[in-house]
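The values are calculated or read from the model by the stated rules, or taken from the named source; none is laboratory data. What you are looking at is a predicted structure, and each value in this text was computed from that prediction instead of being measured. Ideal geometry is used to build each Cβ from the backbone, glycine not excepted, and the neighbour counts take in all protein chains shown. Side chains included, ligands, DNA and RNA excluded: accessible areas come from the protein's heavy atoms. Shrake-Rupley method; radii C 1.70, N 1.55, O 1.52, S 1.80 Å.
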Amino acid sequence: MKILSVTDPAFRKYGRLIDNVDLTELVEALGKQPVPEGVVYEPSVEALEATSAMEALTRVAFGEMPIQIGYCNGHNELLNAVEYHRNSELNIAATDAILLLGMQQDIEEGFTYDTAKMEAFLLPAGKGVEIYATTLHYAPCGVDGAGFQVAIVLPRGTNYPLEKPHGRSVEEAGEDALITAVNKWLIGHGEGGLDAGSHIGLKGKNLNVNE
């Protein structure tokens with residue numbers, strides 16, 4: 001799979017580099033977090049939120065909106081699903097990581113999406129990017145089978161369990177059937193190993209960054 005850099009012009013429709021916040025302390029704290037064999041996502045991690053980046057990102061990146069800093073760490077090489085939020089997400093890497101990205105505007109009737117439209121971008125260790133709200137994304141991938149550590153910054157409360165019922169099928173409820181957590185809309189792949197009830201709408205290959 002062709003992998004571009006987040007500095008490539010092709011990345012601009014998906015997001016931007018974070019160049020106005022010192023991420024050093026956050027990256028160092030992230031580097032001390034575990035890297036499991038699978039993939040683990042923690043929405044809010046005290047050690048990361050205790051860094052100077054917490055105040056700076058709250059003020060500069062989110063305009064003083066309450067935020068949470070967690071991580072997505074582990075080993076992964078597959079797409080499995082895509083998700084989106086109603087806001088930007090920040091990804092800050094302590095290791096090299098590959099981001100698989102697409103555009104919400106390319107979602108088709110029935111909330112299906114062709115995985116052939118996804119693009120891969122290398123996020124180098126120590127760097128951070130803003131991923132726009134209309135950018136489809138999911139868990140990062142490691143480079144050449146290595147583990148990855150990526151801090152995930154979102155408005156506080158995002159990705160926590162839902163409190164109210166939502167649609168069970170897109171035929172009956174449309175986009176509401178894609179909601180799997182607070183502020184999280186998800187479209188899965190049939191080979192993604194997702195929870196029962198997830199909307200399976202990805203068409204084409206379950207992309208592998210090593211192919």
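Observations, loosely collected:
- Some residue of the stretch 15-31 being within 19 Å of residue 207 (Cα to Cα) and crowded, with 18+ Cβ neighbours inside 10 Å: no
- Residues located in the stretch 62-77, provided they are on the phi > 0 side of the Ramachandran plot, of a type outside the set (D, E, K, R) and touching a helix residue (DSSP H, G or I) at 6+ places or on another chain (Cβ under 8 Å): none
- Annotation note: Cβ proximity below 9 Å between a residue of the stretch 65-88 that is basic (Lys, Arg) and a residue that is assigned to a strand (DSSP E or B) (sequence gap 6+ or interchain) occurs for 86/155; 86/185.
- Remark: pairs (first residue in the stretch 157-186, over 24 Å from residue 71 (Cβ atoms); second residue of a type in the set (S, T, N, Q); Cβ separation under 6 Å; 6+ apart in sequence or on different chains) = 177/169.
- Some residue of the stretch 117-126 being under 13 Å from the mean Cα position of the chain (by Cα) and within 30 Å of residue 59 (Cβ to Cβ): yes
- Note on the stretch 48-85: among residues that are among the aliphatic types (A, V, I, L, M) and open to solvent by 50 Å² or more (accessible area, probe 1.4 Å), the one that is farthest from residue 117 (Cα to Cα) is 50.
- Hits in the stretch 195-211 - residues which are within 17 Å of residue 107 (Cβ to Cβ), in contact (Cβ under 8 Å) with a residue 40 or more places away in the chain and either open to solvent by 20 Å² or more (accessible area, probe 1.4 Å) or in contact with a Leu (Cβ under 7 Å, 6 or more places away or on another chain) (or both): 198, 199, 203, 204, 207
- From the options 126, 102, 110, 174, residue that is over 22 Å from residue 202 (Cβ atoms) and not aliphatic (A, V, I, L, M): 126
- Residue satisfying all of: in the stretch 101-110; open to solvent by 10 Å² or more (accessible area, probe 1.4 Å) and either of a type in the set (Ser, Thr, Tyr) or out of contact with any Lys or Arg (no Cβ under 6 Å at 6 or more places or on another chain) (or both); nearest to residue 129 (Cα to Cα) among these: 103
- The numbered conditions (1) open to solvent by 20 Å² or more (accessible area, probe 1.4 Å); (2) farther than 26 Å from residue 44 by Cα; (3) among the β-branched types (Val, Ile, Thr) are all true for residue 179 except (2).
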